[in-house]
Amino acid sequence: MASKEGMVVVVTGGSGLVGQAIQSVIKETNPPNEKWIFLSSKDADLKNAEETRALFQKLKPTHVIHLAAMVGGLYRNMKYNCDFLRFNLQINDNVLESCKEMKVKKVVSCLSTCIFPDKTTYPIDETMVHNGPPHHSNYGYSMAKRMIDVMNRVYHEQYGCNFTSVIPTNVYGPYDNFNLEDGHVLPGLINKVHESQKNGTTLCVWGSGKPRRQFIYSRDLAKLMIWALREYPEITPIILSVGEEEEVSIKEAADLVIEAFDFKGEVIYDTSKSDGQFKKTASNTKLRKYLPDFKFTPIRQGIKETVEWFVQNQDIARK
Ligand code: NAP
Ligand code: GDP
């Protein structure tokens, strides 16, 4: 990867799942002439305009990867739709306006495939972001995220800003949020299987197990986001996803977690719990035009590594 002279790259949300993966890739590649700064909510509450502006004035970034967000799995989204909308709108407005004020050369923000219309044709592609309402379960989060794309366009049109975005599918990996109420499906299942194995109890998978998801390993996403910061030339978003053929059902994902733990106990599916969106199958055709040879980590290997990290990092894992 080509590095640019004197880059100061600020990563908002640098302490989370995706931020930690970018930290680890940057540590390994140690790009010359680049200073990378990874922020957490301890550096500033990005919901607060003054704190955000003061931090950006202090750090003077030339480039920004914007990850900070209120994030959660299906069940957290269903409970706090209003907070997801408001907090994320506030964070995004403060961060992008500070980037404009500081004349940041490029910003890459993070959307998500759950923001696409629920009623759609498949595979979903980048042109469909605003085509119809998102699934009701995460309406607030989705609408706030969609607005980033709108902001990127109008900041470009009116002020010439080079703000763009990426659209990852469900992410998983070390440093995820393994909390059962708040987290996404894979960290939730990893935490549950670990508990069931330790206590000899039944594993309860929520919902029918039939919905389908494409999962991207956080390390793969980190590499692709670093590439996007350096090379991706468009304002309009790019989907960062494994191929459509790599999509798995929740049951298949649960079976891979069970296999990684070699769990032999009973497994039940609680169909009284919501299934959420049935699928959001995304096309990676655009990504493949730019990076035909990028190799994604096979999901079996990614889950195994994440399970190992979780088991070995019980003291620091969010759960
Ligand atoms: P995460 O692990 O929950 O990390 C969230 C990050 O945002 C943390 O660094 C957190 O700081 C920071 N943050 C939250 N509220 C903040 C605030 N008010 N002020 C400052 N910082 C704040 O989330 P993630 O999974 O890495 O998500 C990163 C990005 O990827 C998000 O934009 C998310 O929408 C997107 N994304 C995630 C997924 C997924 O499956 N996880 C899928 C698609 C897109 P603290 O550590 O200090 O709390
Ligand atoms: P989504 O992809 O935005 O819907 O969010 P999640 O990552 O939370 O995945 C939700 C899907 O996984 C739904 O079909 C749930 O029924 C299913 N699921 C099964 N077990 C769990 C679990 O322990 N936690 C979560 N969050 N979802 C689960």
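Report, in degrees rounded to the nearest 10, the 0 to 90 angle that the Cα long axis of helix 81-101 makes with the longest principal axis of the chain.
Tilt of helix 81-101: around 30 degrees.
So what's the angle, to the nearest 10 degrees on a 0 to 90 scale, between helix 17-29 and the longest Cα principal axis of the chain?
The answer is roughly 70 degrees.
Along the Cα→Cβ direction, 7 angstrom out, place labels at Glu231 and Ser208. What is the inter-label distance in nm?
According to this spin-label approximation, the distance is 4.1 nm.
What is the antiparallel percent of DSSP beta bridges lying wholly in the chain, to the nearest 5?
10
Placing unit charges on C-beta atoms (Lys and Arg positive, Asp and Glu negative, everything else neutral), compute the dipole magnitude of region 1-86 about its Cα centre in debye, rounded to 20.
On the way: 11 positive and 8 negative charges, 30 e Å.
Taking the Cα centre of region 1-86 as origin, the dipole is about 140 debye.
Past 29 Å, Cα to Cα, is the threshold; run Lys100/Lys295; Lys100/Lys279; Lys105/Lys286 against it and keep the listed order.
Lys100/Lys295; Lys100/Lys279
Counting only other residues whose beta carbon sits under 13 Å from that of Val311, what net charge do I get with K and R as +1, D and E as -1?
-2
Starting with the fewest neighbours, write out Ser112, Ser272 ranked by other beta-carbon atoms found within 10 Å of each beta-carbon. Present the calculation step by step, with values, prior to reporting the outcome.
Numbers: Ser112 20, Ser272 7.
Fewest-to-most Cβ neighbours within 10 Å comes out as Ser272, Ser112.
Using a 10 angstrom cutoff on alpha carbons, build the Gaussian network for the chain and name the most mobile of Val248, Val185, Val107.
Checking each option, the largest mean-square fluctuation is seen for Val248.
Rounding to the nearest 20 debye, state how big the charge dipole of the chain is about its Cα centre with +1 on each Lys and Arg Cβ and -1 on each Asp and Glu Cβ.
The calculation lands at about 420 debye.
Classify region 81-124 as rounded, prolate or oblate, taking a ≥ b ≥ c as the square roots of the eigenvalues of its Cα gyration tensor: rounded when a/c is under 1.5, otherwise prolate if a/b is larger than b/c and oblate if not.
Judged from the Cα gyration tensor, region 81-124 comes out oblate (a/c at least 1.5, b/c at or above a/b).
Between the helical axis of 139-159 and the dominant principal axis of the chain, each derived from Cα atoms, what acute angle in degrees is found, rounded to the nearest 10?
20
If I build a Gaussian network model for the chain, linking alpha-carbon pairs within less than 10 angstrom, which residue out of Ala253, Ala44, Ala69 has the largest mean-square fluctuation?
Ala44
Of Arg146, Arg219, Arg288, which is the most mobile in a GNM of the chain whose springs link Cα atoms less than 10 angstrom apart?
Of Arg146, Arg219, Arg288, the Gaussian network model singles out Arg288 as fluctuating most.
Going toward the positive end of the dipole of region 228-319, with +1 on Lys and Arg Cβ and -1 on Asp and Glu Cβ, which of Val307, Leu240, Ile250 do you reach last?
Projecting each Cα onto the dipole axis, the largest value belongs to Leu240.
So if R0 is 30 Å, what FRET efficiency would Thr271 and Met128 give, r being the distance between their Cβ atoms, rounded to the nearest 0.05?
The pair Thr271/Met128 has a calculated efficiency of 0.50.
Apply 1/(1 + (r/R0)^6) to the Cβ-Cβ distance of Met78 and Glu259, taking R0 = 45 Å, and write down the FRET efficiency to the nearest 0.05. Display every interim value, and only then the final one.
Details: r = 29 Å, r/R0 = 0.65.
Efficiency computed from Cβ-Cβ geometry: 0.95.
Where the only charges are on Cβ atoms (+1 Lys, Arg; -1 Asp, Glu), what is the dipole of region 54-147 about its Cα centre, to the nearest 20 debye?
Result for region 54-147 is approximately 320 debye, rounded to the nearest 20.
For every helix of n ≥ 4 consecutive DSSP H residues, a contribution of -39,500 (n - 2.57) applies; sum these over the chain, divide by its total residues, and give [θ] at 222 nm rounded to the nearest 500 deg cm²/dmol.
Value at 222 nm, helices only: -13500 deg cm²/dmol.
All of the numbers you see were taken from the coordinates with simple rules; none came from a lab. On a predicted model such as this, the values are computed, not experimentally measured, just so you know. Cβ sites come from the backbone with ideal geometry, for glycine too, and all protein chains shown count toward neighbours.
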